[in-house]
Ligand code: AOF
Ligand code: ZN
């Protein structure tokens, strides 16, 4: 049944439009680089109920910001209207003028905000500017939901590193695959589509070379119509074991591929990969291991906000040991792989400390669990 909104309170209305603004912002998640994917709705009520007169989401690449686009669509209708913004409007002169100023100039009467912006140049100043101009500001509406969607941006701001999301498909006996036996399809079709959406929303997918050799994966988003949203692929491959004719290397000109070769790796060995379009990340500890904390910092500096780690067991365990995992997404299928399979380093019943269940769903025959690290 349709929700009856004729008797809703202003608080209920604010939550309803903020939820819509958050859903709307999601469409550019993974496309805005170092900028958060923000959503803005301009809503006016001329006595016959609220009407959306302008919509905006942070543009691909990060600019223009959401607010200016929504205001442009609303035009004169913005005067006296309410703006729903999923992030505090910016207050700084960056590559674009401050959104707070744009909202003021457009004659917006009321601003409803969700998450605050931790950026040093904003951090409360956006809301303050609006209030000083006489605009009514209500902040913190659905703040948790907005922060959950922008978690990559918030983690990168706070920790100067990319967010790490660990995704694994598990059999019901807690296994993730069979060593040396090629790719094993564990989860079902609906789960696969969910994974491809997660890829579309990430800035990079990362796996260990063992998984790359065993599975020969493509690591692309293959949802119809969203193929162009495949993020960069990263393989932890110190000794360049990934074959030049692998699916990953063969597609490096179409979808970026990074390998983490050791710095003492001979240049002539790298040359054939470079020729194929592969790029290199040289991040290692003194003993030649890939230094994961430095890697995720380097990725943030290069503009990657969110990295989806898809295995295998060794790589997942390494990120967990370094306490670099921010979110764990587990798809558990009703299938057993048996004792000789590779055990998952984490299961719904055996989680590292500090993870809280935030979502639980059923995707076809599979159970889905999502946990967030409390920091
Ligand atoms: C907004 N609306 O849609 C977004 C905001 O480099 P700049 O000038 O684009 O500024 C980047 C900062 O702008 C970013 O760190 C964050 O504080 C804010 N992002 N702000 O008002 C938006 N994407
Ligand atoms: Zn802005």
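Couple of notes before you dig in:
- Any chance residue 83 is touching a strand residue (DSSP E or B) at 6+ places or on another chain (Cβ under 7 Å), under 16 Å from residue 142 (Cα atoms) and surrounded by fewer than 18 Cβ atoms within 10 Å (Cβ to Cβ): no
- Unique match (being within 16 Å of ligand 1 (Cβ to nearest atom) and more than 19 Å from residue 331 (Cα to Cα)) among 126, 140: 126
- Selected residue [buried (at least 17 other Cβ atoms within 10 Å of the Cβ) and farther than 19 Å from residue 371 by Cα] from 251, 191, 228: 251
- Residue check, residue 206 crowded, with 23+ Cβ neighbours inside 10 Å, at positive phi, at pLDDT 95 or above and within 24 Å of the chain's Cα centre (by Cα): no
- Criterion (within 16 Å of ligand 2 (Cβ to nearest atom), surrounded by fewer than 16 Cβ atoms within 10 Å (Cβ to Cβ) and assigned to a helix (DSSP H, G or I)) met by exactly one of 67, 76, 72: 72
- Restricted to the range 112-142, and to residues there that are assigned to a strand (DSSP E or B) and under 26 Å from the mean Cα position of the chain (by Cα), the residue that is farthest from ligand 2 (Cβ to nearest atom) is 112.
- Single residue of the range 40-54 satisfying the filter (more than 8 Å from ligand 1 (Cβ to nearest atom) and under 18 Å from residue 101 (Cα atoms)) that is surrounded by the fewest Cβ atoms within 10 Å (Cβ to Cβ): 54
- Selection within the range 340-375 - in contact (Cβ under 8 Å) with a residue 12 or more places away in the chain, over 24 Å from residue 163 (Cα atoms) and surrounded by fewer than 12 Cβ atoms within 10 Å (Cβ to Cβ): 340
The values are calculated or read from the model by the stated rules, or taken from the named source; none is laboratory data. Remember, it's a predicted structure, so these values are computed and weren't measured experimentally. Positions of Cβ are backbone-derived with ideal geometry, glycine not excepted, and every protein chain shown enters the neighbour counts.
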